[in-house]
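The values are calculated or read from the model by the stated rules, or taken from the named source; none is laboratory data. It should be emphasised that the depicted structure is a prediction, and the values quoted were computed from it without experimental measurement. All Cβ positions, even for glycine, are placed from backbone atoms using ideal geometry, and neighbour counts span all protein chains on display. All accessible areas refer to the heavy atoms of the entire protein, side chains included, with ligands and DNA or RNA removed. Shrake-Rupley method; radii C 1.70, N 1.55, O 1.52, S 1.80 Å.
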Amino acid sequence: MKLYALAFGAHPDDVEMSCGGTLSMLYRNGKAFGMVDFTKGEMGTRGNAAIRATEAKEAARILGAEVRVNLDIPDSNIEMNRKNLIKVVEVIRKYQPEIVFAPYREERHPDHVHAHQLVSDAMFYSGLTKLKTGSLAAYRHKRAYYYMQHRTFIPTMYVDISNDYDTKVAAINAHKSQFFNPSSKDPQTMLSTPEFMEYLLGRMRYHGRMAGVRYAEPFWTPEPVTLTNFDSVV
Ligand SMILES: [Zn+2]
C-alpha cells in the first residue's frame, strides 16, 4: 500500500502532539498517511501497553490515519542497532511515503534522539537496491520534515493548523491515560497536569503568531522548501 506520508514517533502520543494538526490537514486534502510508533510506551508512569494501544488506535482514527504501525521496540531502550534500522527500512519500503515526519535531532528523551537517527539513516538506506529486505523493493522518499518536541529550534517551515486545531486536541485527548484526567488514580506526571495542555496549546498559538496564522506547527527541513507558486504563502 502506497501512502503519501509516514509520521514516526518514539512513543504512542508523540506524533499527535508534534504534527497531529499537519496530519489532519493532509487527511482533509485527500492525502493518505500512516503513523509509526517505535514503542508501545510501556515504560510510561501512567497507563500500560494495552491501554495505550487502544488509545493510540482511537487517536489514529480521529486524525484519519490509514494505518498505525507499532515497531514493537522496547520503550526506553530504542537501541541504535541493525535490527531496529531494518525495521524502519522495511516500513518505509512497504508504504513508500513521499514525505516523512520524524523527531528533531536534539531532544530531552533519548528515545526521541534515537528514533530521529534511525529514521534519518533508514531513509537513506531504504534507497539502496543491494540492501535486501525480502520482497520489498528499494525506495527513496522525497522530503523529510522534522518536528518539534521538548527542545526548541528555529523552524524552517510552518504548517498552518488553524483548521485542524480541534482535531489535533481531540487526538491528544484520546490518550486518556497520559494527559489531564481528574478521574485517573495513576501518579501525576509532567504531561498529566492541566498546565501541560495549556503549554502545548500556548505553543501552537505562539508558532501561529510567528507564522502569521492562528495556530501552527513548526518543522525543520534538511533541504530548503521550494515553492512552485506564491498562492499558499501567508
Ligand atoms: Zn515520546
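Here are the numbers:
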read-out: Region 1-39, subset of a type in the set (G, A, S) and open to solvent by 10 Å² or more (accessible area, probe 1.4 Å), residue farthest from the ligand (Cβ to nearest atom); value: G30
read-out: Subset of region 139-163 that is part of a loop (DSSP other than H, G, I, E, B), touching a strand residue (DSSP E or B) at 6+ places or on another chain (Cβ under 9 Å) and over 26 Å from K94 (Cβ atoms) - its residue that is most open to solvent (accessible area, probe 1.4 Å); value: I154
read-out: Check on G202, surrounded by fewer than 16 Cβ atoms within 10 Å (Cβ to Cβ) and either at pLDDT 95 or above or part of a loop (DSSP other than H, G, I, E, B) (or both); value: yes
read-out: Selection within region 122-138 - open to solvent by 20 Å² or more (accessible area, probe 1.4 Å) and within 22 Å of K2 (Cβ to Cβ); value: F124, Y125, G127, L128, T129, L131, K132, G134, S135, L136, A137, A138
read-out: Test set (1) surrounded by fewer than 16 Cβ atoms within 10 Å (Cβ to Cβ); (2) closer than 11 Å to M35 by Cα - R108 fails condition number; value: (2)
read-out: Test set (1) within 27 Å of Q178 (Cα to Cα); (2) open to solvent by less than 50 Å² (accessible area, probe 1.4 Å) - L85 fails condition number; value: (1)
read-out: Residue pairs meeting the criteria (Cβ under 6 Å; at least 6 apart or on separate chains; first open to solvent by less than 10 Å² (accessible area, probe 1.4 Å), in region 55-68; second of a type in the set (S, T, Y) and in a helix (DSSP H, G or I)); value: L63/S24
read-out: Candidates I92, I73, I51 - the one that is of a type in the set (V, I, T) and open to solvent by 60 Å² or more (accessible area, probe 1.4 Å); value: I51
read-out: Test: residue in region 103-125 that is part of a loop (DSSP other than H, G, I, E, B) and of a type in the set (A, V, I, L, M, F, W, C); value: no
read-out: Q188, sole failed condition from (1) surrounded by 15 or more Cβ atoms within 10 Å (Cβ to Cβ); (2) of a type outside the set (D, E); (3) free of Cβ contacts under 8 Å to residues at least 40 places away in the same chain; value: (1)
read-out: Residue within region 118-133 that is in contact with a strand residue (DSSP E or B) (Cβ under 6 Å, 6 or more places away or on another chain) and within 14 Å of the ligand (Cβ to nearest atom) present; value: yes
read-out: Residue in region 166-178 that is surrounded by the most Cβ atoms within 10 Å (Cβ to Cβ), counting only those that are under 17 Å from the mean Cα position of the chain (by Cα) and not in a helix (DSSP H, G or I); value: Q178
read-out: Lone unmet requirement of (1) closer than 13 Å to Q149 by Cα; (2) open to solvent by less than 40 Å² (accessible area, probe 1.4 Å) for Y215; value: (1)
